[in-house]
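Below: one structure, written as structure tokens.
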Amino acid sequence: MHARVRVGDPEAFRSLFTSYAQLVYGYAVRATGDPGLAEDVVSLTFLEAWRLRERLRDEGETPRPWLMGIAVNVLRNTSRAKRRHERAMARVPAREPLPDFADEVVGRMADAEQLAAAKAALGRLRDGDREVFMLCVWSGLGYAEAAEALGVRVGTVRSRLFRARARLRRLTDEELSGAAGVATSGEPPPGRGQAPSDRRRPAVRSRGRSAPNAERAQSVERHP
């Protein structure tokens with residue numbers, strides 16, 4: 001297939017799309033939490049693959065690492081564009097992110113709060129660690145394939161994945177602990193300008209009204 005893709009064989013490229021479009025989509029939708037944006041990533045990835053088809057080498061049994069490397073770059077650019085758009089449209093309600101995560105973590109999760117915590121923790125990883133985690137855990141690439149996709153050494157992939165797993169567990173626990181603290185208190189955290197509802201203002205006795213009352217009492221005593 002490699003040689004046929006390089007020369008621009010339409011059937012070979014159609015087979016490439018059929019074989020790997022769902023893989024690219026799954027990678028993108030988990031990374032962005034936006035199905036519509038993930039579809040754009042798929043389209044852009046295969047457009048770039050067609051443009052760069054002559055760079056596909058004969059190394060490896062499949063073109064999957066080469067294609068996923070393109071997807072990673074497309075996603076980087078798309079994510080930056082998305083962040084710029086979100087800043088410009090900050091007043092527009094954002095779409096709720098897709099509650100999804102890696103199978104490794106999902107297996108230990110019991111409810112949506114845990115999924116949200118893990119998703120937030122993933123966003124706190126370094127870019128390189130997150131990309132390795134996404135390729136190896138989400139997309140099922142091996143160490144060598146991920147290394148080829150990212151243009152790094154296999155040892156780098158191994159160390160990044162080890163670091164990502166360790167940090168992800170710790171950050172997920174932190175996210176869950178923070179959510180649990182808010183839930184048990186039953187009140188929003190202090191500093192938001194909200195006064196507790198059970199506070200009552202002390203009654204203030206008006207001096208202006210007590211003076212006339214005293215004068216009336218003295219008048220009654222003088223004139224029985």
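What follows is calculated from the coordinates using simple rules that are stated; it is not laboratory data. This one's a predicted model, so the numbers in the text were calculated from it and none came from an experiment. In this analysis, Cβ positions are derived from the backbone assuming ideal geometry, glycine residues included, and neighbour counts consider all displayed protein chains.
Considering the zone a paramagnetic label at Glu54 would reach in this model (a point 7 Å from Cα along the Cα-to-Cβ line), which residues of region 1-36 have amide N under 12 Å from it?
Within reach of a label on Glu54, which here means backbone N under 12 Å from a point 7 Å along Cα→Cβ, region 1-36 contributes 6-8.
Can you compute the modelled spin-label distance between Val7 and Glu39, with each label point 7 Å from Cα toward Cβ, in nm?
About 3.5 nm separates the two model spin labels.
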